[in-house]
Every structure is written in structure tokens, then in C-alpha cells.
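Written out below as C-alpha cells is the structure these notes cover.
The values are calculated or read from the model by the stated rules, or taken from the named source; none is laboratory data. Quick caveat, the model's predicted, so the values are computed rather than measured. Every residue, glycine among them, receives a Cβ derived from its backbone with ideal geometry; neighbour counts consider all protein chains shown.
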Amino acid sequence: MSSPTADVSCRVAWTDDAPAIARLQLRTRQHDLSELLPAEQLEVDPSVAEEAWKRVLSRPADARVRVLVALERNRVVGFTITSPASDPDADPVADAELMELTVDPEERGRGHGSRLLQAAVDTMTADRFRRAVCWTVASDDAVRRFLTEAGWATDGAHRELDLDGTGAVTAKQVRLHTQFT
């Protein structure tokens, strides 16, 4: 007798996914950044976010910018963005960047992040990148552990991220990287 399996998958995001991605991104940022930023700075008009996502999904700045979504049944529960790396020490032909990996806080620990990360690596490999980098908040032990357990490692690079646009609220970030075989 077989047990039921979850109806989960990852795929390239469609323009029709923009509302779901926008809602997920706003909800996740409010959850993850509530200790760093005041609530009023985390409030974004959902319609503005949705329009921004529609533009990104319909007219990416570079053909190698990819947005992938994690689905449970037909519900978007996570997304990731990959692109050519933009760091000054990066080779934009060989180096990719995992710009964002977001999973709904209520859906974490169910494998969606792992599926998204693997789909992102497969996509970056198909785009002929040889290496990938990812910036993460230095104090976010859970994300760093997740990535290092998946084979990513810190490379010694760090930076200060201006969270509020004034320099008053910053977060230290560290860069992780991985090589593709």
C-alpha cells in the first residue's frame, strides 16, 4: 500500500503569479524584518508590489534573470530569483547570484526551500554559470546553516546593507558561494 504524496513542485514564474509573489514577499518581509525595521517601513502598497513583479516577470532586465516559484498544489509558497552576479569582483558571464530565496514562514521546514534551491542551481547551471554567490544577513543563522548544509560556503566578503535608505538602520551581510560541477 502506498502512502499519499504531497503535490509540490517548482517552476518558472508566470506573469499571472505576480499577485501571489507580491503578497508572499510582503508578508515574509514583515515577518523576517520586524525586529530590524519599524512597522511603517515594512508597509508597502500591495498593488505597487504587484505591478513591480508584473514588470520583472514580463520584461526582465537580462535574459538570464529567472524567477522560480515553489508550489503546493496551485498555491505559491516560495520563490527565488537568479541573475548574473553584480559584485565588482564577479565575472558576469561565469558567476550567478541567488538574489532572493523566500519561503512563506508558515511553510518553512517542509522542503520547499530545498526544492527551490535545487531548481535555482539547475537553472543557473543550464544558463552556463560556473559559480553562484548569495548575500545573507550575517546574524541569520538559520539561512546560513541551510545554505552551508547544501554545500555553500562563506568566501570572506561582507558588506553593510542600508535597510531604511538613510543609513540609520543597517544589517551586516556575508557572501556565500558554491561551484557547479
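Some notes on this structure:
- Hey, Arg110 over 15 Å from the mean Cα position of the chain (by Cα) and modelled with pLDDT under 95 or not: yes
- Put simply, of Ala63, Ala20, Ala49 the only residue that is more than 22 Å from Gly165 (Cα to Cα) and surrounded by 12 or more Cβ atoms within 10 Å (Cβ to Cβ) is Ala20.
- Residue identified as assigned to a loop (DSSP other than H, G, I, E, B), within 19 Å of the chain's Cα centre (by Cα) and either modelled with pLDDT of 90 or more or within 20 Å of Met124 (Cβ to Cβ) (or both) among Arg55, Arg23, Arg11, Arg64: Arg64
- Extreme residue, surrounded by the fewest Cβ atoms within 10 Å (Cβ to Cβ), among residues of the stretch 161-179 that are of a type in the set (A, V, I, L, M) and at pLDDT 90 or above: Val174
- Only a single criterion out of (1) on the phi > 0 side of the Ramachandran plot; (2) surrounded by 19 or more Cβ atoms within 10 Å (Cβ to Cβ) is not satisfied by Ala70, namely (1).
Yes/no per residue for (1) within 16 Å of Val65 (Cα to Cα); (2) in contact with a helix residue (DSSP H, G or I) (Cβ under 9 Å, 6 or more places away or on another chain); (3) surrounded by fewer than 16 Cβ atoms within 10 Å (Cβ to Cβ):
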| residue | (1), (2), (3) |
| --- | --- |
| Ser86 | yes, no, yes |
| Asp91 | yes, no, yes |
| Asp95 | yes, no, no |
| Asp127 | yes, no, yes |
| Arg159 | no, no, yes |
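- Considering each residue of the stretch 58-71 in turn, none proves to be of a type in the set (Val, Ile, Thr) and farther than 20 Å from Ala132 by Cα.
- Boolean, Arg23 is farther than 29 Å from Arg128 by Cβ and touching a helix residue (DSSP H, G or I) at 6+ places or on another chain (Cβ under 8 Å): yes
- Pairing each residue of the stretch 163-175 that is more than 20 Å from Ala90 (Cα to Cα) with any residue that is of a type in the set (Lys, Arg) and surrounded by 12 or more Cβ atoms within 10 Å (Cβ to Cβ), provided the two are 6+ apart or on different chains, yields no C-beta distance under 7 Å.
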